[in-house]
Amino acid sequence: MIIYVVIQDTSDQLKVEKLYYQYRYLMYREANKILHDHHLSEDAVQQSFIRIIDNLHKIDEIICPRTKNYVVIICRNIALNFLKKRTYLNNNSNDIDETEINTDNVLDDPLNILITKESVSRIGVAIELLAPIYRDTLLLKETYGYNNQEIANLMEISAETVKKRLFRARKLLIHALEGELK
């Protein structure tokens, strides 16, 4: 892995190497599910590690669910960006319009719910059922503590798109949780 040579700190080099050997196959599988192309999937993994190196300070433990989710989210988003570019080049048209939501009626704070073991479990299930673009954005914001601009940089989208995805994710989450109560 050539990209880790640019890292000056030996402990960071070791951290990247451990991350690479721990998650490279998982990341490749995630990318290949989206791209269905061996070479592009490998490129997505390498591009993911470049992004991970830029945010290496945010990773505390190598082997933990939080790190696993983090690297998968980054790889999945890079693969989706590759797919969008490939689709655009093949069709010469944009299939995705990110600007079709009205954010005038923003709820005060949709995640202000009484936290109990049962509600945490229900919220976790509801989050898992969200579409990946909403789930990943919400997890990066609420679990990893990224701000909107950092999420935008990681996902290669605008900060406004991050804001809209967070709004949609929270709204979908509320609807799912309200549906359970009925």
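General remarks:
- The HN-Hα couplings worked out from phi for the stretch 49-60 by the Karplus form 6.51 cos²θ - 1.76 cosθ + 1.60 (θ = phi - 60°) are 5, 5, 5, 5, 4, 5, 10, 4, 5, 8, 9, 8 Hz, whole numbers, x standing for Gly and Pro.
- Across the alpha-carbon set of the stretch 117-181, the Rg to Rh ratio works out to 1.00, Rh being the Kirkwood radius.
- Sorted fewest first by neighbouring Cβ atoms within 10 angstrom, Y28, Y23 come out as Y28, Y23.
- For S158, S48, S11, S41, order by how many other beta-carbon atoms lie within 10 Å, fewest first: S11, S158, S41, S48
- Of the residues E128, E30, E42, the one with the fewest other Cβ atoms within 10 Å heads the list, and the complete ranking is E128, E42, E30.
Values quoted throughout were computed directly from the atomic coordinates according to the rules given, and no laboratory measurement underlies them. Please read these numbers as outputs of a predicted model, since none were measured by experiment. Ideal geometry is used to build each Cβ from the backbone, glycine not excepted, and the neighbour counts take in all protein chains shown.
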